[in-house]
Amino acid sequence: MAMDFLYLALFATALLALIYIIRSLRALHKKIGKQTERLASGIQKLTEQNRSTSINDYRQLEAFVQLNSLINFTAPLPATRGWAGSPDLLLTLAHVVKTFKPKLVVELGSGVSTIVMGKAGAKKIVSFDGSEEYAGHTRNLLKAHGVKGAEVRYSKLAPFKKSSGWYDPNSFKDLKKIDLLVIDGPPGGDDVNGRYPALEVLLPKLSPKAVVILDDAKRAGERSLAEDFAAALPKHALTILDHEKGTAVIRPK
């Protein structure tokens, strides 16, 4: 009788141990399954990101090749992308200058874009920069590339209207009949109204057939500014180009 009880106890213990092992294996299987799903999702997301990055890199390379075919650069260009203009934006600027032949270009934010527009044939460029050092750097580049008719003005940034830092409005007093306005400054940040004073200060200075181009149109502030510019120019149409940073082009209909 005692032996039967012992065998029964051993059997019950073995059965409980088996149940425990089965439950543990099931829990482990579920855990591994969830981790595998997360891993697969992460790999898919990373693959999509890499694919998107590769496509964008190819488009930028393609735009840069076309830009070099369109313009004869006689000196090295500074790095593009990042804070500087991306090749797709630069190609658009060159095309607009060659097509519309603006007599006066006003640019907010100097740099490689100033060189490109000058080499594309812009007759007069007045470019504003909030950095005295960078303004000097652009002047040296203009000289190296033999660009004439381009002026870089340093204008200290200070709070203006709703912007936490914009150019001194007095810097624009002598300008009128702007045929091409390029807005790529002040540098972007968390201030969605950072570039908004351009609408109030420069809209009255545009010629009837002016073209307005805004970089960084994928950001909410710049997109809103582009839409308000377009609304204030009823004879113009707004086009958002799917560029690396988003480019808004407002041109006559």
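State which residue pairs qualify: first residue more than 14 Å from residue 132 (Cβ to Cβ) and without any contact (Cβ under 8 Å) to a residue 12 or more places away in the chain and inside the range 154-169, second residue among the hydroxyl-bearing types (Ser, Thr, Tyr) and open to solvent by 40 Å² or more (accessible area, probe 1.4 Å) in any location, beta carbons under 8 Å apart, and separation of 6 or more residues or different chains.
none
Against the conditions (1) open to solvent by 40 Å² or more (accessible area, probe 1.4 Å); (2) charged (D, E, K, R); (3) within 20 Å of residue 97 (Cα to Cα); (4) within 14 Å of the chain's Cα centre (by Cα), where does residue 251 fall short? Just the number, please.
(4)
Criterion first (buried (at least 17 other Cβ atoms within 10 Å of the Cβ) and out of contact with any helix residue (DSSP H, G or I) (no Cβ under 9 Å at 6 or more places or on another chain)) does residue 195 satisfy it?
For residue 195, the condition - buried (at least 17 other Cβ atoms within 10 Å of the Cβ) and out of contact with any helix residue (DSSP H, G or I) (no Cβ under 9 Å at 6 or more places or on another chain) - is not met.
What is the number of the single condition among (1) open to solvent by less than 60 Å² (accessible area, probe 1.4 Å); (2) in a loop (DSSP other than H, G, I, E, B); (3) not hydrophobic (A, V, I, L, M, F, W, C) that residue 123 does not meet?
Every condition holds for residue 123 apart from (1).
Among the residues of the range 201-229, count how many are closer than 23 Å to residue 151 by Cβ, in contact (Cβ under 8 Å) with a residue 12 or more places away in the chain and not small (Gly, Ala, Ser). Spell out the reasoning first.
Here is the first cut: in the range 201-229, the residues closer than 23 Å to residue 151 by Cβ are 201-207, 209-215.
Then drop every residue that is not in contact (Cβ under 8 Å) with a residue 12 or more places away in the chain, which leaves 201-203, 205-207, 209-215.
Going one step further and asking which of them are not small (Gly, Ala, Ser), we end up with 201-203, 205-206, 209, 211-215.
Total meeting the criteria: 11.
Please enumerate the residues belonging to the range 79-108 that are assigned to a loop (DSSP other than H, G, I, E, B) and within 15 Å of residue 247 (Cα to Cα). Can you show your working first?
Taking the range 79-108 as the starting set, the residues that turn out to be assigned to a loop (DSSP other than H, G, I, E, B) are 79-86, 101-104.
Answer for the range 79-108, where residues must be assigned to a loop (DSSP other than H, G, I, E, B) and within 15 Å of residue 247 (Cα to Cα): 81, 82, 83, 84, 85, 86.
Against the condition in contact (Cβ under 8 Å) with a residue 12 or more places away in the chain and under 23 Å from residue 217 (Cβ atoms), how does residue 78 come out, does it pass?
Here the answer is yes, as residue 78 does meet what is asked.
For the range 218-236, give me each residue that is more than 18 Å from residue 185 (Cα to Cα), open to solvent by less than 40 Å² (accessible area, probe 1.4 Å) and aliphatic (A, V, I, L, M).
Initial filter on the range 218-236 (more than 18 Å from residue 185 (Cα to Cα)): 230-236.
Keeping just the survivors that are open to solvent by less than 40 Å² (accessible area, probe 1.4 Å) gives 230, 233, 236.
The answer is 230, 233.
The values are calculated or read from the model by the stated rules, or taken from the named source; none is laboratory data. Please read these numbers as outputs of a predicted model, since none were measured by experiment. Every residue, glycine as well, gets a Cβ built from its backbone with ideal geometry; the counts of neighbours run over all protein chains shown. Only protein heavy atoms, including side chains, enter the accessible area calculation; ligands, DNA and RNA are left aside. Shrake-Rupley method; radii C 1.70, N 1.55, O 1.52, S 1.80 Å.
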